[in-house]
């Protein structure tokens, strides 16, 4: 029986040292990082996975963001314009969509059939990120922008947008690690346009698509409409690590009885 190497290593997974993760991510990239992360759980620099937040961060590298995400942390901001602060915040439980639960609501499917919106994957991150930053309530403080653009330059971010003509009317963006896509923020300027963008992401879940897992962050009723279910923090980390490593096509022969 052939299965992903992480299936055998995951039971021993423990804490990850953020500095060590950063170094390994720079050298190896996400798929190799995932394998290293699981296999190196006894690393002496390791810290508890479920630390609620790591705050007052400066000079973040993309590897810090990817390494944090593999541990269940999300790069966020707080404090608004007056006291902006960047932090890695541990989010658990998580809402996730996979191939067994993914669905498009009937009303959204109907609207898409009659719509002339053009939805594009892989658009530049900054216009979409800036659009989400302009919402009345947002956690996207200015010091957060450049670290996320650096994540995009390193190849670990993805953005999707809906256009009417040349005008962007909706978009979402997030972190892409292996075959996991973590939605960070969404925005729409036209009724129902946001549903088209989210549906385009869900379309890409499963064999032949871009993703095996879409991370919605905290579960809410809108994500539930698209098939999101809640998983624990440890289960989320296990699935992201498997996705990152298996994206590289690594497997081992198992002769377990």
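The values are calculated or read from the model by the stated rules, or taken from the named source; none is laboratory data. Just so it is clear, the model here is predicted, and its values are computed rather than measured. Because the Cβ atoms are built from the backbone with ideal geometry, glycine has one as well, and the counts that use them run over all protein chains shown.
Considering segment 121-138 alone, what residues qualify as being assigned to a helix (DSSP H, G or I) and either in contact (Cβ under 8 Å) with a residue 60 or more places away in the chain or in contact with a strand residue (DSSP E or B) (Cβ under 7 Å, 6 or more places away or on another chain) (or both)? Break it down stepwise before answering.
Filtering segment 121-138 down to residues assigned to a helix (DSSP H, G or I) leaves 125-133.
Result: 125, 127, 128, 129, 131, 132.
With a cut-off of at least 3 residues that are within 10 Å of the chain's Cα centre (by Cα), assigned by TED's automatic domain parsing to the domain that holds residue 121 and on the phi < 0 side of the Ramachandran plot, name the strands (runs of 3 or more DSSP E) lying wholly within segment 139-191. Give the derivation first.
Working: elements: 157-164, 167-177, 180-188.
Answer list for segment 139-191: 167-177, 180-188.
Can you tell me which of (1) touching a helix residue (DSSP H, G or I) at 6+ places or on another chain (Cβ under 6 Å); (2) modelled with pLDDT of 95 or more; (3) in a loop (DSSP other than H, G, I, E, B) is the one residue 227 doesn't meet?
Result: residue 227 passes all but (1).
Taking residue 196 and the conditions (1) under 28 Å from residue 71 (Cα atoms); (2) in a helix (DSSP H, G or I), which numbered condition does it fall short on, given that it satisfies the others?
(1)
Inspect segment 140-162 for any residue being surrounded by fewer than 20 Cβ atoms within 10 Å (Cβ to Cβ) and over 20 Å from residue 60 (Cα atoms) and give the result as yes or no.
no
If a residue must be under 19 Å from the mean Cα position of the chain (by Cα), in a loop (DSSP other than H, G, I, E, B) and without any contact (Cβ under 8 Å) to a residue 40 or more places away in the chain, how many such residues does segment 63-119 contain?
Final tally of qualifying residues: 1.
Just for segment 165-209: of the residues that are in contact with a helix residue (DSSP H, G or I) (Cβ under 8 Å, 6 or more places away or on another chain) and over 18 Å from residue 222 (Cα atoms), which one is modelled with the lowest pLDDT?
Per the stated criteria, the residue is 178.
Tally up the residues in segment 58-113 that are closer than 23 Å to residue 178 by Cα, crowded, with 17+ Cβ neighbours inside 10 Å and modelled with pLDDT of 95 or more, please.
Number satisfying all stated conditions: 6.
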